[in-house]
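The values are calculated or read from the model by the stated rules, or taken from the named source; none is laboratory data. Note that this is a predicted model, so its numbers are computed, not measured. Quick reminder, even Gly has a Cβ in these numbers, built from the backbone with ideal geometry, and neighbours come from all protein chains shown.
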Amino acid sequence: MREQTLGEDHPDTLHTLRHLADAHRLAGDFDRAVHLYDRAFRGRVRALGAAHTDTLAVLNLLAYSLRLAGLIQEAIPHYEQALHGMEAALGSSHPDVLTTRNHLADAYKETGDPRRALALYEDNLPALVVSLGEDHPHTLLTRSNIASAHLAMGMRKEARHLYTQTLEACVRALGTSHPLTRAVYHQRRSSRRGKS
């Protein structure tokens, strides 16, 4: 109705499309979310330009939904485009840039490219430490992801060392029963199998 009245590229129409896509994504209807995010993205490109931060935010959500839909190879170029645009518009340490960089790193890791994932996780870590602190859950999760990437590259000794450091920080900051602490504990245990 809004689209018929205002037009497909009107800001209110695009806003509604994005929120409708959000609702489908949160409900687990990833295919529909992808379709709606794609429409919202294309409309924002026409209305605002490809480099506008709102356009890039929707592109990141499109990539995320593609990943959730199991279309990870299709998601990666969208993440890359969103990351480059966001870095240019917002700087390399902006929270939206850190989130997009982390999503791209996760996508690389999921497709079996731990080297590229590691580089992005390591790029994120200093900004997370500065903005959130050493013991923030996001910082600790990134440290765990760095250890995981080392492990995926066959660098077990380095991975075990990083997992141990991260586990100690998790216990200190979050306690022994926190889900992240438990996850890092199990990851460290798993890294001991097949010692190198």
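Out of the residues in region 171-196 that are more than 26 Å from Arg116 (Cβ to Cβ) and hydrophobic (A, V, I, L, M, F, W, C), which is surrounded by the fewest Cβ atoms within 10 Å (Cβ to Cβ)?
Val171
Write out, first by first residue and then by second, each pair whose Cβ atoms fall under 7 Å of each other, whose residues are 6+ apart or on separate chains, and whose first residue, in region 91-120, is under 11 Å from Ile76 (Cβ atoms) while the second is assigned to a helix (DSSP H, G or I) and of a type in the set (Asp, Glu).
Sorted first by the residue in region 91-120, then by its partner, the pairs are Leu104/Glu80.
Just to check your reading of the model, which residue among Leu62, Leu26 is surrounded by fewer than 16 Cβ atoms within 10 Å (Cβ to Cβ) and modelled with pLDDT of 95 or more?
Leu26
Kindly provide the set of residues from region 68-99 that are of a type in the set (S, T, N, Q) and modelled with pLDDT of 95 or more, ordered by number.
Residues satisfying the conditions are Gln73, Gln81.
Considering region 30-54 alone, what residues qualify as being crowded, with 19+ Cβ neighbours inside 10 Å and among the β-branched types (Val, Ile, Thr)?
Val34
Check region 149-164 and report whether any residue there is modelled with pLDDT of 95 or more and under 16 Å from the mean Cα position of the chain (by Cα).
Yes: region 149-164 contains one or more residues that are modelled with pLDDT of 95 or more and under 16 Å from the mean Cα position of the chain (by Cα).
Any chance you could count how many residues in region 12-31 are under 18 Å from Ala75 (Cα atoms), touching a residue at least 12 places away in the same chain (Cβ under 8 Å) and either touching a His at 6+ places or on another chain (Cβ under 7 Å) or not basic (Lys, Arg) (or both)?
Of the residues in region 12-31, 5 are under 18 Å from Ala75 (Cα atoms), touching a residue at least 12 places away in the same chain (Cβ under 8 Å) and either touching a His at 6+ places or on another chain (Cβ under 7 Å) or not basic (Lys, Arg) (or both).
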